[in-house]
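I have a structure I would like to understand better, so I am pasting it below and will then ask my questions one at a time.
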Amino acid sequence: MARRISMATRSELVAAIVERYRLGSRSDKRRILDEFVAVTGYHRKHAIRVPATRQKRPSGVDTCIVTCI
């Protein structure tokens, strides 16, 4: 039976593992993904993409759009 956690909790979890995942070795990344998949219920391939997209997201896009308009 799958556990349900809120999207806010999932976002907090992603924020917590992004840096560990980025700096980890291949075996560390595998262990981090195993834990993440077990907790969130995400499919493993999706779990691989989540930290990667979180890292690439530029941090001032919203403020740039507001100031440019």
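Which of the residues belonging to segment 24-41 are of a type outside the set (A, V, I, L, M) and modelled with pLDDT of 90 or more? So that I can check it myself, show each step before the final result.
Here is the first cut: in segment 24-41, the ones of a type outside the set (A, V, I, L, M) are 24-31, 34-36, 40-41.
Result: Gly24, Ser25, Arg26, Ser27, Asp28, Lys29, Arg30, Arg31, Asp34, Glu35, Phe36.
Looking only at segment 16-41, count every residue that is more than 14 Å from Ala52 (Cβ to Cβ) and out of contact with any helix residue (DSSP H, G or I) (no Cβ under 7 Å at 6 or more places or on another chain) and tell me the total. Walk me through how you get there before you give the answer.
Taking segment 16-41 and keeping what is more than 14 Å from Ala52 (Cβ to Cβ), we get 16, 25-28, 30-31, 34-35, 37-41.
Filter again for out of contact with any helix residue (DSSP H, G or I) (no Cβ under 7 Å at 6 or more places or on another chain), leaving 16, 25-28, 30-31, 34-35, 38, 41.
Selection size over segment 16-41: 11.
Of the residues Ile48, Ile65, Ile5, which is in a loop (DSSP other than H, G, I, E, B) and at pLDDT below 90? Let's see the steps before the verdict.
Working: Ile48 fails: in a loop (DSSP other than H, G, I, E, B); Ile65 fails: in a loop (DSSP other than H, G, I, E, B).
Result of the check over Ile48, Ile65, Ile5: Ile5.
Separate question: Hey, among the residues in segment 22-56 that are among the aliphatic types (A, V, I, L, M) and free of Cβ contacts under 8 Å to residues at least 24 places away in the same chain, which one's most open to solvent (accessible area, probe 1.4 Å)? Give the steps one after another, and end with the answer.
Taking segment 22-56 and keeping what is among the aliphatic types (A, V, I, L, M), we get 23, 32-33, 37-39, 47-48, 50, 52.
Those left that are additionally free of Cβ contacts under 8 Å to residues at least 24 places away in the same chain: 23, 32-33, 37-38, 47-48, 52.
Working: Leu23: 121, Ile32: 6, Leu33: 9, Val37: 39, Ala38: 66, Ala47: 0, Ile48: 62, Ala52: 36 Å².
If we take residues in segment 22-56 being among the aliphatic types (A, V, I, L, M) and free of Cβ contacts under 8 Å to residues at least 24 places away in the same chain, then Leu23 is most open to solvent (accessible area, probe 1.4 Å).
The values are calculated or read from the model by the stated rules, or taken from the named source; none is laboratory data. Because the structure is a prediction, the values reported are computed rather than measured. Glycine also receives a Cβ, built like all others from the backbone with ideal geometry; neighbour counts cover every protein chain displayed. Surface accessibility is based on the protein's heavy atoms, side chains included, excluding ligands, DNA and RNA. Shrake-Rupley method; radii C 1.70, N 1.55, O 1.52, S 1.80 Å.
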